[in-house]
Structures are given as structure tokens and as C-alpha cells.
Amino acid sequence: MHSLIVVSHPDSQSLTHALAKAIGQGITLTDTHHSVEFADLNAEGFDPRFTLADHQHFLKQAPAPADVAAEQARLDRAQALVLVYPVYWWSFPALLKGWIDRVFAQGWAYLDTPEGKVVKQLQHLSVHLVGVGGADNGTYARHGYASAMSTQIDHGIFDYCGAPVGSSTLLLPSDGGHAETHLRAAHDIGMRIFASHG
């Protein structure tokens with residue numbers, strides 16, 4: 001089993017990066033045959049801008065840009081996708097959203113048929129979301145931010161492509177407020193990702 005852990009944070013010393021590593025350690029601890037690949041979008045210089053080339057690909061007038069095709073190939077090798085990111089304005093950071101916009105393209109992640117139906121093409125990919133937020137649980141509950149994020153991300157993106165969301169976790173100050181607490185939770189998330197596969 002192979003997992004791709006995608007990190008979107010500009011600081012390689014951040015808690016976000018530490019959580020991604022803890023998740024990876026949890027995955028490999030369950031079975032040494034489980035491999036982990038890390039994609040640091042910032043360090044790799046991924047361009048999140050949806051360009052004319054992306055638009056032409058969407059319209060089936062051109063092949064996928066080379067960087068998009070490379071990301072899709074990386075995802076094709078994975079059975080699990082783990083996104084680890086800080087919550088910005090109750091959603092993904094722009095870099096991660098741009099990665100989704102460009103990589104989860106029509107024709108690869110889903111297919112629009114001439115009959116107007118959507119064919120979901122990512123049923124093989126289990127998705128695990130780990131957001132790191134600065135607000136507490138009460139704030140998310142009062143304003144409905146958690147449910148809005150779930151509607152937008154879990155349902156609006158991944159369900160649309162047929163990729164089942166195996167877990168969706170927000171690590172917030174009210175969950176303990178300490179990095180150690182979040183790191184333990186991340187390790188446990190990693191251990192559960194392939195637990196049912198033995």
C-alpha cells in the first residue's frame with residue numbers, strides 16, 4: 001500500500017510539517033510494506049495558477065500541462081491521499097486549493113459525459129484531511145465553519161470525484177492546545193489509514 005502525503009505550509013519547521021511526518025511514521029509503523037511519499041508543494045515550487053493551458057485541457061483541446069500530468073501520475077500510484085494544511089479563512093491555503101484546481105481535472109478525476117452525467121474516477125483513492133486551525137471548537141460550532149468546510153471540501157471536491165474521505169480531522173487549540181497532543185493525534189491518524197488492509 002502506498003500513500004501520498006501533501007503538505008502546504010511555507011515553513012518546513014512548522015507544526016504542519018511535523019504533523020505530516022508523524023502521520024507518515026504512523027503509516028509505516030502499521031506495516032513496513034506500507035510506503036509513504038511526501039509532496040511539499042511550497043518546496044517543490046508547484047504553480048497553483050489555473051492558466052490558459054489548464055483551461056484548454058479542461059475543454060479537451062490540449063493535453064494536461066506537464067506538471068499536472070506528473071502530479072496525477074503521483075496520485076495514480078497511491079491508495080491513500082493525506083492532505084495536511086493550516087486552515088486559512090476556513091478553507092485550504094491558496095497553494096493547496098490551486099493544486100486541487102489544476103490536478104483534479106476533468107478527464108482524470110471525473111469525466112463529464114455527452115449525456116450530462118458525471119463519471120467519478122477516483123474510487124480507488126482514500127482521502128484523509130488534517131487541518132490545523134487557530135480558532136477553538138466553540139468558534140467553529142457557533143459559525144458553522146466545520147460543516148461548511150465539510151460541504152465544500154469533503155463533499156464538493158472529493159465526493160464529486162468519487163474519492164471516499166476516510167477521515168477528516170481539525171486539530172484545534174481546544175483539543176489540548178499543545179503540539180504534543182496534536183502530534184500524538186497525527187501519529188494515530190497514520191496508524192488508522194491502512195489498518196483495515198492489514
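Please treat every number below as a calculation from the coordinates, not as lab data. Bear in mind the structure is a predicted one, so any value in this text is a computation, not a measurement.
In this structure, the amide hydrogen of Ala163, modeled 1.01 Å from its nitrogen in the peptide plane, lies closer than 5 angstrom to those of Leu122, counting only residues at least 5 positions away or on a different chain.
Against the longest principal axis of the chain, how steep is helix 66-76, in degrees 0 to 90 to the nearest 10, with axes from Cα atoms? Computed tilt is about 60 degrees. Across the stretch 28-44, coupling constants 3J(HN,Hα) worked out from phi with the 6.51/-1.76/1.60 Karplus curve, θ = phi - 60°, read 6, 5, 5, 6, 5, 7, 7, 9, 10, 10, 9, 10, 9, 4, 5, 5, 7 Hz, and Gly and Pro carry x. Helix 94-103 and the long axis of the chain differ in direction by around 40°, with both axes built from C-alpha atoms.
Residues whose amide H falls under 5 Å from that of Asp40, counting only those 5 or more places apart or on a different chain, are Val7, with hydrogens built in the peptide plane. Close amide H contacts of Val82 (hydrogens built in the peptide plane, cut-off under 5 Å, sequence separation of 5 or more or a different chain): Leu4, Ile5, Val6, His128.
Apply the a/c threshold of 1.5 to the C-alpha gyration tensor of the chain and tell me whether it is rounded, prolate or oblate. Prolate.
Roughly how many whole Å is it from the C-alpha centroid of the stretch 13-70 to that of the stretch 97-158? Cα centroid of the stretch 13-70 versus Cα centroid of the stretch 97-158: 15 Å apart. Of all DSSP-defined beta bridges confined to the stretch 44-198, some 20% are antiparallel rather than parallel. Where only DSSP H runs of four or more residues are counted, the chain gives -11000 deg cm²/dmol as its mean residue ellipticity at 222 nm, each run worth -39500 (n - 2.57).
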